[in-house]
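Quick notes on the structure that follows.
The values are calculated or read from the model by the stated rules, or taken from the named source; none is laboratory data. Here the structure is a predicted model, which is why all the values come from computation and not from measurement. Here the Cβ positions follow ideal geometry from the backbone for every residue, glycine too, while neighbour counts run over all protein chains shown.
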């Protein structure tokens with residue numbers, strides 16, 4: 001019986017599949033960047049550690065997979081924080097706009113009250129202005 005896939009040939013393929021899946025999953029930019037950077041750093045670190053025991057390929061594959069997943073998780077968290085900050089900024093701008101509208105309305109009401117007081121004062125003092 002012939003074995004087509006040895007552990008050393010499967011490991012790099014697993015790492016490549018994990019990295020491609022993490023990047024191509026339709027994730028946002030930070031998630032994909034995190035997966036790519038984590039995969040690259042993990043592969044290098046895994047290869048160094050694995051070479052000490054004579055299994056550089058498996059170490060690289062395991063490191064790439066773990067690094068890509070960890071990087072994707074960190075990137076997704078960063079994306080979530082960015083989205084939250086954007087939402088908070090939009091809400092703050094909306095509230096500032098509403099406050100400005102309310103100030104303008106209050107100024108208009110104050111102007112109307114002054115005009116009404118002014119009209120009432122002159123009407124009482126000088127009459128309504130109509131001659132009977």
Examine the stretch 53-62 for a residue that is surrounded by fewer than 16 Cβ atoms within 10 Å (Cβ to Cβ) and at pLDDT 60 or above, and state whether such a residue exists. yes
Single condition residue 23 does not satisfy, out of (1) surrounded by 15 or more Cβ atoms within 10 Å (Cβ to Cβ); (2) modelled with pLDDT of 85 or more: (2)
For the stretch 120-130, check the following and say yes or no: at least one residue is in contact with a helix residue (DSSP H, G or I) (Cβ under 8 Å, 6 or more places away or on another chain), surrounded by fewer than 15 Cβ atoms within 10 Å (Cβ to Cβ), modelled with pLDDT under 90 and not in a helix (DSSP H, G or I). yes
Here are some conditions: (1) modelled with pLDDT under 90; (2) under 16 Å from the mean Cα position of the chain (by Cα). Residue 91 meets all but one. Which one does it not meet? (1)
Let me spell it out: the conditions are (1) in contact (Cβ under 8 Å) with a residue 24 or more places away in the chain; (2) outside any helix (DSSP H, G or I), and residue 61 meets all of them except one. Which number is the exception? (2)
